[in-house]
Amino acid sequence: MSSDSESSLSLKKTHLLRIKPTGTRKIHYNALSDYDFMLKTPKPIDISLALPHYRARNQPVDHRLAMFISNETSPIKLKVCRSVPRCKFFLDIRTTTSNVTVWLPSDFRGHIRCSGTPSFSAGFVNRMMANVRVNEAMSMEDNWDSDEVWVDTRGLVTFRMWDLHTNAPESQPKETLKRIFSSTCKKLPERNVNWDFLLED
């Protein structure tokens, strides 16, 4: 390896370690890298990734914004935020034993590949699960341009919902009540009630 390539590689690694693993980061199209955003740090990660509401000038029409997150043993909390469904994305999370919590936008449609068995919040199940395929094999007939998430860890993995309407994480008590009420209503026997008596004098 030449000295120029070694120096550019070390600079790239230094840049990755300098990115703060907290707060909000705006994601921009990067034509010079396989990933549009990369973060590798030994510190705990609690970050929001804000996807743009427009396509960059040189960004291909079918390009999915690709994001790479890596951590060895510290917990990872990651929110993917977008205001319009136009911006598709690919999220790659790799860690050894870290627990991972991911908030995905409520209009998420696509594939989730996860080592182990992930858990899903009430909001995710209520409003997103119908549009999600988890650890399913893909064929050539599938839509490869949809959203996609990969999580590789031996720790616990939890998926939650980022609500596009409120531009905030899901309200867990509210979504849990919806889930309980919905399941209770399904269990109740159907009754045909004639409500015409309310119209009588």
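The values are calculated or read from the model by the stated rules, or taken from the named source; none is laboratory data. What you see is a predicted model, and the numbers here were worked out from it, not measured in a lab. Backbone-built Cβ (ideal geometry, glycine too); neighbour counts: all protein chains shown.
Being β-branched (Val, Ile, Thr) and in a strand (DSSP E or B) is the filter here; which residues of segment 72-85 pass it? If the condition is that a residue be β-branched (Val, Ile, Thr) and in a strand (DSSP E or B), then Ile76, Val80 are the ones that fit.
Identify the residue in segment 74-100 that is out of contact with any Pro (no Cβ under 8 Å at 6 or more places or on another chain) and among the β-branched types (Val, Ile, Thr) and, among all such residues, is modelled with the highest pLDDT. Among residues in segment 74-100 that are out of contact with any Pro (no Cβ under 8 Å at 6 or more places or on another chain) and among the β-branched types (Val, Ile, Thr), the one modelled with the highest pLDDT is Ile93.
Sub-6 Å Cβ pairs linking a first residue in segment 17-45 that is closer than 29 Å to Pro60 by Cβ and without any contact (Cβ under 8 Å) to a residue 24 or more places away in the chain to a second residue that is crowded, with 18+ Cβ neighbours inside 10 Å and not polar (S, T, N, Q), at least 6 apart or interchain, are Ile19/Leu39; Asn30/Asp36, ordered by first then second residue.
Would you check if there is a residue in segment 171-192 being at pLDDT 75 or above, part of a loop (DSSP other than H, G, I, E, B) and within 23 Å of Pro52 (Cα to Cα)? Taking every residue of segment 171-192 in turn, none turns out to be at pLDDT 75 or above, part of a loop (DSSP other than H, G, I, E, B) and within 23 Å of Pro52 (Cα to Cα).
What number of residues within segment 41-73 satisfy the criterion of being crowded, with 16+ Cβ neighbours inside 10 Å and more than 18 Å from Gly110 (Cβ to Cβ)?
Residues of segment 41-73 that are crowded, with 16+ Cβ neighbours inside 10 Å, as a first pass: 41, 45, 47-49, 51-52, 59, 63-71.
Cutting the leftovers down to more than 18 Å from Gly110 (Cβ to Cβ) gives us 41, 45, 47-48, 52, 59, 70-71.
Final tally of qualifying residues: 8.
Pairs are defined by a Cβ separation below 7 Å, a sequence spacing of at least 6 or placement on different chains, a first member in segment 63-82 that is more than 10 Å from Thr41 (Cα to Cα) and in contact (Cβ under 8 Å) with a residue 60 or more places away in the chain, and a second member that is basic (Lys, Arg) and assigned to a loop (DSSP other than H, G, I, E, B); the pairs so defined are Arg64/Lys88.
Step by step: first the residues of segment 1-22, then only those that are part of a loop (DSSP other than H, G, I, E, B) and surrounded by 11 or more Cβ atoms within 10 Å (Cβ to Cβ), then the one that is modelled with the highest pLDDT. Which residue is that? Checked segment 1-22; the qualifying residue modelled with the highest pLDDT is Pro21.
Can you name the residue in segment 23-71 that is aliphatic (A, V, I, L, M) and in a loop (DSSP other than H, G, I, E, B) and is also nearest to Ala168 (Cα to Cα) among such residues? Reasoning before the result, please.
We begin by selecting, within segment 23-71, every residue aliphatic (A, V, I, L, M); these are 27, 31-32, 38-39, 45, 47, 49-51, 56, 61, 65-67, 69.
Okay, now just the ones that are also in a loop (DSSP other than H, G, I, E, B), so 27, 31-32, 51, 56, 61.
On the way: Ile27: 18, Ala31: 30, Leu32: 32, Leu51: 14, Ala56: 25, Val61: 28 Å.
Per the criteria, the residue is Leu51.
Annotation note: Cβ proximity below 6 Å between a residue of segment 112-125 that is touching a residue at least 40 places away in the same chain (Cβ under 8 Å) and a residue that is surrounded by fewer than 18 Cβ atoms within 10 Å (Cβ to Cβ) and β-branched (Val, Ile, Thr) (sequence gap 6+ or interchain) occurs for Ile112/Val134; Ser119/Thr158; Ala122/Thr176.
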